[in-house]
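Enquirer: Below are the C-alpha cells for one structure; questions will follow.
Derivation of every value follows stated rules applied to the coordinates shown; laboratory data play no part. Please read all numbers here as calculations on a predicted model, not as lab measurements. Cβ placement follows ideal geometry from the backbone for every residue including glycine, while neighbour counts extend to all protein chains displayed.
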Ligand SMILES: Cc1cc2nc3c(=O)[nH]c(=O)nc-3n(C[C@H](O)[C@H](O)[C@H](O)COP(=O)(O)OP(=O)(O)OC[C@H]3O[C@@H](n4cnc5c(N)ncnc54)[C@H](O)[C@@H]3O)c2cc1C
C-alpha cells in the first residue's frame, strides 16, 4: 500500500529519465540510484529478512554500557563531542559522523550494540527501526558477524 510516501523504484526511474534528457549528469544520477537501490533497499531487505531476532545480534560479544557522554556530549574527545553536540541540537548527523565517529568509537570500546541501537533510535530525526537497526548493528558494529557488511569498519583501509 502506498500512503503518499515516495516509491523508491518510481524515484529511480524519474532520475534515469532526467539523465536521458540531459537534465542531470550521469555521475549524479548513478550515485543517487546506487544509494537508493544499493543501500536503502538493501538495508530494508535485511531488516525484513532477519527480524525478529536481528536486534539481539552481538557477534563480537560486546557488553560495555553506553558511555554517558553519548547523551551529554561531555568528553575531551573533540570529534565525539562535536558529533554528539550537533546531534543534540539538530537531531541530525551525517553518515560519516554516525559511522566513523560515534559508531566506530563504540565498536572499538566494546559497547553493547543493543544499547547503541537504542541511542541511535532515540536521537535522530530520521530514525525508523527498519533503517536504523541494520545500519547500527550491521554496518557500524559488525554485530551480525558479517551478514550486511564484509568486515568491521575498524579493519578497513578507509
Ligand atoms: C550507525 C548508523 C545509523 C544510521 N541510522 C539511520 C536512520 O536511522 N535513518 C536513516 O534514514 N539512515 C540512517 N543511516 C544511514 C545514513 O546515515 C543516512 O541514510 C544518510 O546520512 C542520509 O544522508 P543523505 O540523504 O545525504 O544520503 P546520500 O548519501 O545522498 O544518499 C541518498 C539516499 O540514499 C539512502 N541511503 C544512503 N545510505 C544509506 C544507508 N546506509 N542506509 C539506508 N539508506 C541509505 C538514503 O535514503 C539517502 O537519503 C545510519 C547510518 C549509520 C552508520
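Enquirer: Criterion first (touching a strand residue (DSSP E or B) at 6+ places or on another chain (Cβ under 6 Å) and within 20 Å of residue 154 (Cα to Cα)) does residue 66 satisfy it? Lay out the reasoning, then the answer.
Expert: Numbers: touching a strand residue (DSSP E or B) at 6+ places or on another chain (Cβ under 6 Å): yes; within 20 Å of residue 154 (Cα to Cα): yes.
Answer is yes for this residue.
Enquirer: For residue 55, indicate whether it is farther than 20 Å from residue 146 by Cβ, within 16 Å of the ligand (Cβ to nearest atom) and in a helix (DSSP H, G or I).
Expert: Values: farther than 20 Å from residue 146 by Cβ: no; within 16 Å of the ligand (Cβ to nearest atom): yes; in a helix (DSSP H, G or I): yes.
So residue 55 does not fit the description; no.
Enquirer: From the list 148, 133, pick out the single residue that is assigned to a helix (DSSP H, G or I), touching a residue at least 12 places away in the same chain (Cβ under 8 Å) and within 18 Å of residue 39 (Cβ to Cβ). Reasoning before the result, please.
Expert: Working: 148 fails: assigned to a helix (DSSP H, G or I).
133 is the lone residue from the list that is assigned to a helix (DSSP H, G or I), touching a residue at least 12 places away in the same chain (Cβ under 8 Å) and within 18 Å of residue 39 (Cβ to Cβ).
Enquirer: Go through the residues of region 3-21 one by one and say whether even a single one is under 22 Å from residue 102 (Cβ atoms) and either without any contact (Cβ under 8 Å) to a residue 60 or more places away in the chain or in contact with a helix residue (DSSP H, G or I) (Cβ under 7 Å, 6 or more places away or on another chain) (or both).
Expert: Step one: filter region 3-21 for residues under 22 Å from residue 102 (Cβ atoms), giving none.
Within region 3-21, none of the residues are under 22 Å from residue 102 (Cβ atoms) and either without any contact (Cβ under 8 Å) to a residue 60 or more places away in the chain or in contact with a helix residue (DSSP H, G or I) (Cβ under 7 Å, 6 or more places away or on another chain) (or both).
Enquirer: Considering every residue within region 4-21, establish whether at least one is more than 30 Å from residue 129 (Cβ to Cβ), more than 17 Å from the chain's Cα centre (by Cα) and part of a loop (DSSP other than H, G, I, E, B).
Expert: Looking for residues that are more than 30 Å from residue 129 (Cβ to Cβ), more than 17 Å from the chain's Cα centre (by Cα) and part of a loop (DSSP other than H, G, I, E, B), one finds at least one in region 4-21, hence yes.
Enquirer: I would also like to ask the following. Please go through region 114-148 and give me each residue that is more than 17 Å from residue 87 (Cβ to Cβ), within 10 Å of the ligand (Cβ to nearest atom) and buried (at least 16 other Cβ atoms within 10 Å of the Cβ), ordered by number. Break it down stepwise before answering.
Expert: Looking only at region 114-148, we keep the residues that are more than 17 Å from residue 87 (Cβ to Cβ), and these are 114, 129-130, 133-134, 137-139, 141-148.
In the following step, the residues that additionally are within 10 Å of the ligand (Cβ to nearest atom) were identified as 129-130, 133-134, 137-139, 141, 148.
Result: 133, 134, 137, 138, 139, 141, 148.
Enquirer: Looking at region 17-37, which of its residues are surrounded by 13 or more Cβ atoms within 10 Å (Cβ to Cβ) and away from the ligand (no atom under 15 Å from the Cβ)?
Expert: Result: 18, 19.
Enquirer: How many of the residues in region 38-52 are part of a helix (DSSP H, G or I) and more than 9 Å from the ligand (Cβ to nearest atom)? Break it down into steps so the answer makes sense when it comes.
Expert: Start the filter on region 38-52 by keeping residues that are part of a helix (DSSP H, G or I), which leaves 38-50.
This time we only want the ones that are more than 9 Å from the ligand (Cβ to nearest atom), so: 45-50.
Selection size over region 38-52: 6.
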